[in-house]
Amino acid sequence: MKTFLSLFGALLLLGSTAQAQPRNDRSRASSITVNGEATIFAEPDLAQIDIGVVTQARNAPEASKENAARLSRVMTEVKKNLGKGDEVKTAGYSLTPNYRYPQGGKPEIVGYTASNTLRIKTTHLAQVGPLIDGAMQAGANNVNRLLFTLKDEQAAQLEALRSATAKAKTKAEAIATALGLKIIRVISVNEGERTVQPIFRQVMAARAEAAPAPTPVEPGTVEVRSSLTMTVEVGEK
């Protein structure tokens, strides 16, 4: 009976020892994680201009009527300079009272301000200056925004992403070589932030009552960034 119990205990100990041995699986493989980032600069091929007409009058109907008349002239002039595929539309309209605040008294309405904004999109960048000048001479008195960007942002982002991927791969290979290892396979790739930075320009345009003068406009380049994180498995050479 004692011999049987001793043999049974030995078998249990052997089984426990076999289970405790670590398994040689790929989940315990060595890896390197690197980041890749790239920035490219692209020539813009789309311009967006917000041109406004602001008018004031003693009452709301007069302010609105004058604004509509001036906007009609501006719209006619803008359309003369638009190219094929360009567009213009109303981006915003407001009619607000103007107040006077007498000392010790209640606020008083002394007039109204009407504001209307046209948004122009053009792919003919050489026409940006003439568009602004023509609109201002026709009665516009405000350039709210001028920006240059890309019609196809995705194509530029993909180009930047390819460059970021190549940089990440080069970094991983350099680290592996320095450690006397080699890359076996790519384990994972996670895309990071992608950004397209349009170019904003401030415009000092001549007002309608001023002498005509060409408005200089220099687009510049659009900055496009992409980044990613790459993890690779490495092993001995």
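The values are calculated or read from the model by the stated rules, or taken from the named source; none is laboratory data. From a predicted model like this one, the values you see are computed outputs, not experimental measurements. Keep in mind that these areas ignore ligands, DNA and RNA; they rest on the heavy atoms of the full protein, side chains included. Shrake-Rupley method; radii C 1.70, N 1.55, O 1.52, S 1.80 Å.
Any idea of the accessible area per residue across the range 100-187, 1.4 Å probe, to the nearest Å²?
Values: 4770 Å² over 88 residues.
Accessible area per residue, the range 100-187: 54 Å².
So which lysines can Lys169 reach, going by Cα to Cα under 19 Å and dropping same-chain residues fewer than 8 places off?
Lys182, Lys237
Residue by residue through the range 219-233, which ³J(HN,Hα) values in whole Hz follow from phi under the Karplus form 6.51 cos²θ - 1.76 cosθ + 1.60 (θ = phi - 60°), with glycine and proline marked x?
Calculated HN-Hα couplings, in order: x, x, 10, 8, 8, 10, 10, 9, 9, 7, 10, 10, 10, 10, 8 Hz.
Average projected area of the Cα convex hull of the range 75-203, in nm²?
Details: hull surface 64.7 nm².
Over every viewing direction, the Cα hull of the range 75-203 projects on average to 16.2 nm².
Would you work out what percent of the accessible area of the range 117-171, with all protein chains in place, is carbon or sulfur (probe 1.4 Å)? Numbers along the way, then the final one.
Values: 1160 of 2410 Å².
The computed percentage sits at 48.
Output wanted: per-residue J couplings in Hz (rounded whole) for the range 36-47, from phi through Karplus 6.51 cos²θ - 1.76 cosθ + 1.60, θ = phi - 60°, x for Gly and Pro.
With coefficients 6.51, -1.76 and 1.60, one gets x, 9, 9, 10, 10, 10, 10, 6, x, 9, 8, 10 Hz.
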